Structure formats: C-alpha cells, structure tokens
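Reviewing the structure listed below.
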Amino acid sequence: MSEAPRTRLLKPTHDVGIVGYGAYIPQYRLPAREIARVWAGGGGGLPIKEKAVAGLDEDVVTMSIEAARNALARAEIDPTEIRAVWVGSESHPYAVKPTSTIVAESIGATPHTQAADWEFACKAGTEALQAAIGFVGSGMARYALAIGMDIAQGRPGDALEYTAAAGGAAYLLGPAEESVAAFEGSYSYSTDTPDFWRRAHEIYPEHGERFTGEFPPTLEEVIDLVRGRMRINIELKYNVPDPGLAPAVVDLLRRKDFLDEVVITSLDYAALKQVESLEPRLRTGHIVTAAVGNVVRTEADFLSLNAAQATPSLIRRAHAAGKEVHVWTVNEPELMLRMIERGVDNVITDDPALLVRVMQGRRELTRAEILGLRLRVLFSRAPRALTDPTAVEAL
C-alpha cells in the first residue's frame, strides 16, 4: 500500500526556521527591447522589461558572498557557528573546485564547517535549502547556510536570453525560536523531466520549450508516428562504448520494415561501418566536426557537416566523390539561403517552417533574380522578403 500523503511531508525532529536572509542582484540591466532589436529587428512581444546581468568582475562566487554577508548581517550570529555552507547553481565558475569553500572562507565560517556545491539552477537552490532544514532539524548543526545563485546563460538569440538573468538569495537556517519564519513542513517531488540541460563542454544550456514535462518517445514510437509521413535521421551517440547499440537499432528497423525510410548518422565512424556490415541497404552519414584530412574519402553515403565547415570547395569535392552534403544546424534565413545556393543536399534546422518559406520564396524567382540573389548572398545579405519571417510578399 502506498504511503499516505500526509506522512510524505518532510518535517524535522527539531523545529527549524530562517534566522537570516540576504539577496544580491547586479546593478547592470539589459533591456528586453535591445535583445529584440538585435535578433528580431525590434519585432515581437517582450516577456519582460529588462533583466539583470553580471558585471565583468562578477560571477556566482562573488554574488554568493554578497548575499551570504547580507544574511549574516540580519542574523547577527558568529559565522564560525555555521556548520554547513551549500551553494546551488547551474553556473558555478569552476568545473573542479567548489564555490562553497570560497564563500565559506570569505564569510569567516571555515574551517569547522561542511561545504558543498549543488547543481542545476533553481532546483539546486531548493535542494540545498531542504538539506539545510534536515541538517539543522536533526541536531547535527545549529546553523546552516543555503544559497541559490546564477548568472545569465541563454544562447544569443534564444528565448532564454530574454529572461535568464543574474542574481540570487542566501538563507541562514537555525532554531525556530530564533527565526523570523519557521518551516512547518515541506514536500519534494522529483522526476527526470527533460526540460533543461547543458552537456559537458557546452557553453549554453538547451531547453525543451513546449515539451517540458513530457517523456521522450522511444524510437519504435517515433517510427509508428511518422510512417508514411516523413523520413527520419537516426544519430547513434556513444558517451561510452556500446557494441550492442547499432545491432539493436538495425534489428528494430528490420522488424518495423523501415529500412528505406531512415538514414543512420554518427560521429563514430566504426559504428557506421558496423551498421553497413549488418545491413547494406541502410544509408549512412558521417558527422564531421573538424575537417582533418580528406573527409570526402569516407565510405559513408554522405557527409554531415557543421554549416561553418560547408565551404563551396568542400561541397564540390564531396559531390565529385559521389557524396551528398548535409549541413547543421541552420536556423538563420540568410544562412539557409547561402547553403541552398552552395548546393548542399540537405539542411538540418530547428525551424523547418522558416526553411520551407525561404525555399518557397526562392522558387518564385526568375532565373535573372536567382542570379542576382546568388550574388547578394555571396557578397552581402539576402533580400528581406526571403529571410524575414514576418514579411508577406516574396521578392
């Protein structure tokens, strides 16, 4: 029998409350209209008026120290009594070195204290707070400091750039009788929701947008959904060696009678050779992130290139070798036109509706206009009517 809802509430043995709190928000502001001016020509609605951005000499460490000092000033306690300093953030400045130890040292809480970093944006801050409640409520510590702090990490032009800002807060927890507010109970609900993430070595996070909260479909479910409607590109990704991945995918495609409706791509050339040996009917594409050596000598059916690599010379050499050229990830209309005019065989984009519109506008041009377009794309910007999603008339 499942646990009764009331017994799932988290309540410590000893009552805990907030004895001090502090915040820090950088003084610099970036107006939303300026972001819209740069990336959308000033068009579209604005979700906010402005956002806070960190100064050149600010990061999660410096801002956490300021917030912590503000919390200590309100609590009026000796910082050496703090037995835990926990900092939650998605933008810790070091990959290997804790933010929390620097903060603890700066506020005078060392050396007799716990110090640890928590990962993942607002969830990191709330988890640090929950842990602090348990730490103080169990009697292991009289005071614990939980901080949630971040700096803006939205990709330029992404929706996050409008709202992902900089700032945060610090809460100093202690006995309820000393607090300005006591915790009566709390509740945690966790699932692996694929809404927001940033992989190692990536600069900016990705997000699920309208698909937040939905579980990703299986490959079999995708095949059932798209059958008869579109072909799909299956990329084999290997974070660790997995000799069973390619055979499992090939076996599924055979069972679903879907061999002619897919292409298989991968950074791992050995995986593509494995696919070709298992099922010669499958078309394969080698994803190339750095053009080292003669990449057109690949035995894959096509090259999958970053658009920045797709030079006219490389495209001509690939075609001369009988290889198609697919380019990724092309989200700007000017770049879409440039790739089309260079003769690529496939454009991979996050905005297929925009790509369709660009292609439709191009098809309506006369031969003379296409020649002029090629010159304009080559030497300057493409015509607004072909690249602006809000434009109605084609050139």
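If you take the residues of the stretch 40-90 that are among the charged types (D, E, K, R) and under 23 Å from P175 (Cα atoms), which of them is surrounded by the fewest Cβ atoms within 10 Å (Cβ to Cβ)? Walk me through how you get there before you give the answer.
At the first step, the residues of the stretch 40-90 found to be among the charged types (D, E, K, R) are 49-51, 57-59, 66, 69, 74, 76, 78, 81, 83, 90.
Among the residues that remain, those that are also under 23 Å from P175 (Cα atoms) are: 69, 74, 76, 78, 81, 83.
On the way: R69: 17, R74: 14, E76: 9, D78: 11, E81: 14, R83: 18.
Checked the stretch 40-90; the qualifying residue surrounded by the fewest Cβ atoms within 10 Å (Cβ to Cβ) is E76.
Sort out which residues of the stretch 111-122 are surrounded by 17 or more Cβ atoms within 10 Å (Cβ to Cβ) and out of contact with any Asp or Glu (no Cβ under 7 Å at 6 or more places or on another chain), and write them in order of number.
Residues of the stretch 111-122 that are surrounded by 17 or more Cβ atoms within 10 Å (Cβ to Cβ), as a first pass: 113-115, 117-118, 121.
Those that are surrounded by 17 or more Cβ atoms within 10 Å (Cβ to Cβ) and out of contact with any Asp or Glu (no Cβ under 7 Å at 6 or more places or on another chain): T113, Q114, A115, D117.
I'd like to verify a number: residues in the stretch 137-152 that are touching a Pro at 6+ places or on another chain (Cβ under 7 Å) and buried (at least 19 other Cβ atoms within 10 Å of the Cβ), how many?
The qualifying residues number 1.
If I filter the stretch 263-309 down to residues being among the hydrophobic types (A, V, I, L, M, F, W, C), within 24 Å of the chain's Cα centre (by Cα) and part of a loop (DSSP other than H, G, I, E, B), which single residue comes out as modelled with the highest pLDDT?
So, considering only residues that are among the hydrophobic types (A, V, I, L, M, F, W, C), within 24 Å of the chain's Cα centre (by Cα) and part of a loop (DSSP other than H, G, I, E, B), the one modelled with the highest pLDDT is L267.
The values are calculated or read from the model by the stated rules, or taken from the named source; none is laboratory data. It should be emphasised that the depicted structure is a prediction, and the values quoted were computed from it without experimental measurement. Cβ: placed from backbone, ideal geometry, glycine included. Neighbour counts: every protein chain shown.
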